[in-house]
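Structure first, then comments.
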Amino acid sequence: MTHHTPLFRFDNSYARDLDGFYVPWEGDKVPEPRIVLLNAGLAHDLGLDPDALDTDEGAAIFSGAKAPEGANTLAQAYAGHQFGGFSPQLGDGRAILLGEIIGPDGQRRDIHLKGSGRTPFSRGGDGKAVLAPVLREFLIGEAMHALHIPTTRALAATTTGEMIHREGPKPGAVLARVAASHLRVGTFQFFAARGEHARVRQLADYAIARHDPSLADAPDKYLAFLNAVIRRQATLLAKWMHVGFVHGVMNTDNTTISGETIDYGPCAFIDAYDPKAVFSSIDRQGRYAYGNQPVIAQWNLARLAETLIPHLHEDQDEAIRIATEAVQGFTALYMADWVAGMRPKLGLNTAEDSDTDLANGFYAAMEGQGVDHTQAFRALTLATEGNNAPLRDLFDDPSALDAWLPAWQDRLARDPAQNRAAAMNAVNPVYIPRNHLVESALQAAERDGDMTEITTLLEVLRDPFTARDGLEDYAQPAPDGFGPYTTFCGT
Ligand code: AMP
Ligand code: MG
């Protein structure tokens, strides 16, 4: 008998510790699994062998057709508020958890498949995913990671050989996703909504062990846990805002306990700065508009806090007071992270209280001016070197900058200038996933099976802060002819 090493060394704590929070389930058999993108760098970081994964066996596993050795495949139960309305039972309707691995860094991570077929949570859906949205999630996740934003990441994109009916037939695909965990606010809501508070406590204990082990013996550990989640979400939201990321579907089932960005559906990056920017075709009210995101995150955290009320204090009124105070604390945490991240974007090494107004002043100047958000911050670097023209040229009416520029220059004069340009360029990206380039790459892949555009785009986005000769087009907003950008949930 030949000796072989399993592709993954699983240790499945969710299956082991959370009986009742899932249904054991397997992926569908598929006709012709083929890996179209493998994340060799991520595989390597996780202590996996990319060459062993990029095989027929790897393709069978990543398509969901074959459970890998040591897996304990299951569909997770969760509930969630979608666009403000509560659904008591969502769950993995087209996804399964294969299991967890522990990386060379000691971190436990989920290996999860999206698009692997129907489950008991599918309701009306077909349980499938199609290629373009799978590649979009792959691409945007890698871009976010390179921008130093906490995120789930794709390990592989695999076509299945099936055609899936959406608006016409589309190539079927499965995304293999790596996440710190798939615990969501909605996971807590699932049993809280059923009044099963012991279950919620069990879940909180599991989440604490997994994400906040230092709190396991804290005196008010459920409050400390709530505060830790609020802290991580505040940090995450500030980072989204700094780069102009619009998630598009910030439902509570898409809000993680880990603080990672999850579920890249109708997401997009803004070109022109606009707090009202909405891309998702179904977000007609602008609930999840760019500028609304911090408030929505806080609303989602309030939903988490509600699930924990029975565990915060024996007196319910006191528990509600404690929960409310914690959720209100989001605002200050978010604002502190936001301004702390804005300072280096504006070229500041030191902190003054007025920096919040200064940063808001820059955004106020940009509003309604059609200013490309990403280019504006790179142009600020040139302005610190005495060249204001590239910044002014971004504005429809450059006089909108007349009040702000001198205030900023006064502030810079009170700040030590060493390494300023380099420090700014290390936090203000040149390259973000431009919507027109993403669309073009996804279409080429879906229509012609041509992966060259997406491969090149991935390479560009994996090093977003270094301007490179020949990549000028990747730093430009969509041409006028591209029109308003709309993303669809037709995933
Ligand atoms: P998402 O928009 O991907 O966050 O999904 C929201 C909910 O809809 C989750 O419960 C998914 O499992 C479910 N869902 C989305 N697409 C499908 C599909 N094609 N088949 C079954 N369930 C789906
Ligand atoms: Mg989701």
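The values are calculated or read from the model by the stated rules, or taken from the named source; none is laboratory data. Keep in mind that this is a model prediction, so the values were computed, not measured. Counting neighbours? That spans all protein chains shown, and the Cβs are built from the backbone with ideal geometry, glycine included. Each accessible area value is taken on the protein alone, full model and side chains, heavy atoms only, with ligands, DNA and RNA left out. Shrake-Rupley method; radii C 1.70, N 1.55, O 1.52, S 1.80 Å.
Of all the numbered requirements in (1) of a type in the set (D, E, K, R); (2) surrounded by fewer than 23 Cβ atoms within 10 Å (Cβ to Cβ); (3) touching a residue at least 40 places away in the same chain (Cβ under 8 Å), ASP205 misses one, and that requirement is (3).
For MET241, the conditions (1) assigned to a loop (DSSP other than H, G, I, E, B); (2) closer than 20 Å to ALA146 by Cβ; (3) away from ligand 1 (no atom under 16 Å from the Cβ) all hold with the exception of (1).
For segment 120-129, a tally of residues being in contact (Cβ under 8 Å) with a residue 40 or more places away in the chain and surrounded by fewer than 24 Cβ atoms within 10 Å (Cβ to Cβ) returns 3. When ILE282 is tested against (1) within 15 Å of ligand 1 (Cβ to nearest atom); (2) crowded, with 21+ Cβ neighbours inside 10 Å, only condition (2) is not met. Only residues that are away from ligand 1 (no atom under 13 Å from the Cβ) and polar (S, T, N, Q): list them for segment 64-97, please. Listed by number, the residues that qualify are ASN72, THR73. If you check ALA204 against the conditions, is it assigned to a helix (DSSP H, G or I) and not assigned by TED's automatic domain parsing to the domain that holds PHE86? Here the answer is yes, as ALA204 does meet what is asked. Tell me the residue from GLU196, GLU167 that is among the acidic types (Asp, Glu) and free of Cβ contacts under 8 Å to residues at least 12 places away in the same chain, please. Unique residue meeting the criteria: GLU196.
Scanning segment 241-259 for residues that are within 17 Å of ALA376 (Cβ to Cβ) and either surrounded by fewer than 23 Cβ atoms within 10 Å (Cβ to Cβ) or within 14 Å of ligand 2 (Cβ to nearest atom) (or both) gives MET241, HIS242, GLY244. Residues in segment 468-491 that are free of Cβ contacts under 8 Å to residues at least 40 places away in the same chain and open to solvent by 70 Å² or more (accessible area, probe 1.4 Å): ASP469, GLU472, ASP473, ASP480, GLY481, PRO484. For LEU90, the test of being part of a strand (DSSP E or B), hydrophobic (A, V, I, L, M, F, W, C), closer than 16 Å to ILE262 by Cβ and touching a strand residue (DSSP E or B) at 6+ places or on another chain (Cβ under 6 Å) is failed.
Check ALA417, ALA421 and return the single one that is assigned to a helix (DSSP H, G or I) and over 20 Å from VAL371 (Cα atoms).
On the way: ALA417 fails: assigned to a helix (DSSP H, G or I).
Of ALA417, ALA421, the one residue that is assigned to a helix (DSSP H, G or I) and over 20 Å from VAL371 (Cα atoms) is ALA421.
Does VAL36 fit the bill of being modelled with pLDDT of 95 or more and touching a Ser or Thr at 6+ places or on another chain (Cβ under 6 Å)? So VAL36 fits the description; yes. Residues of segment 245-279 that are in a loop (DSSP other than H, G, I, E, B) and more than 15 Å from ligand 1 (Cβ to nearest atom): ILE257, SER258, GLY259, ILE270, ASP271, TYR273, ASP274, PRO275, LYS276, ALA277, VAL278.
For segment 452-491, the set of residues classified as more than 16 Å from ligand 2 (Cβ to nearest atom), closer than 21 Å to PRO133 by Cα, among the aromatic types (Phe, Trp, Tyr) and not in a helix (DSSP H, G or I) consists of TYR485 only. Cβ-Cβ contacts under 6 Å between residues 6 or more apart (or on different chains), taken from a first residue in segment 349-377 that is of a type outside the set (Gly, Ala, Ser) to a second residue that is at pLDDT 95 or above and open to solvent by 50 Å² or more (accessible area, probe 1.4 Å), are listed as GLN369/ASP396. Only one of the listed residues (LEU312, LEU304) is over 29 Å from MET366 (Cα atoms) and either surrounded by fewer than 23 Cβ atoms within 10 Å (Cβ to Cβ) or in contact with a Pro (Cβ under 8 Å, 6 or more places away or on another chain) (or both). That residue is LEU312. Of all residues in segment 17-40, those satisfying the criterion of being surrounded by fewer than 14 Cβ atoms within 10 Å (Cβ to Cβ) and either on the phi > 0 side of the Ramachandran plot or within 27 Å of the chain's Cα centre (by Cα) (or both) are GLY20, PRO24. Reported count of residues in segment 41-60, each being open to solvent by less than 50 Å² (accessible area, probe 1.4 Å) and touching a helix residue (DSSP H, G or I) at 6+ places or on another chain (Cβ under 8 Å), is 5.
Looking at (1) touching a residue at least 40 places away in the same chain (Cβ under 8 Å); (2) under 28 Å from ALA426 (Cα atoms), which is the one condition that is false for LYS276? All conditions are met except number (1). Within segment 218-233, is even one residue within 16 Å of ligand 1 (Cβ to nearest atom), polar (S, T, N, Q) and touching a residue at least 12 places away in the same chain (Cβ under 8 Å)? Scanning segment 218-233, I find no residue that is within 16 Å of ligand 1 (Cβ to nearest atom), polar (S, T, N, Q) and touching a residue at least 12 places away in the same chain (Cβ under 8 Å), so the answer is no. Inspection of segment 286-308 finds no residue satisfying the criterion of being touching a residue at least 60 places away in the same chain (Cβ under 8 Å), in a loop (DSSP other than H, G, I, E, B) and more than 16 Å from ligand 1 (Cβ to nearest atom). For the residues GLU100, GLU69, the requirement of being in contact (Cβ under 8 Å) with a residue 60 or more places away in the chain, part of a strand (DSSP E or B), of a type in the set (Asp, Glu) and more than 15 Å from ligand 2 (Cβ to nearest atom) singles out GLU100. Every listed requirement among (1) touching a residue at least 60 places away in the same chain (Cβ under 8 Å); (2) surrounded by fewer than 24 Cβ atoms within 10 Å (Cβ to Cβ); (3) touching a strand residue (DSSP E or B) at 6+ places or on another chain (Cβ under 6 Å) is met by PRO150 save one, (3).
Only one of the numbered conditions (1) more than 11 Å from ligand 2 (Cβ to nearest atom); (2) within 28 Å of ALA77 (Cα to Cα); (3) modelled with pLDDT under 95 is violated by GLY265, and that is (1).
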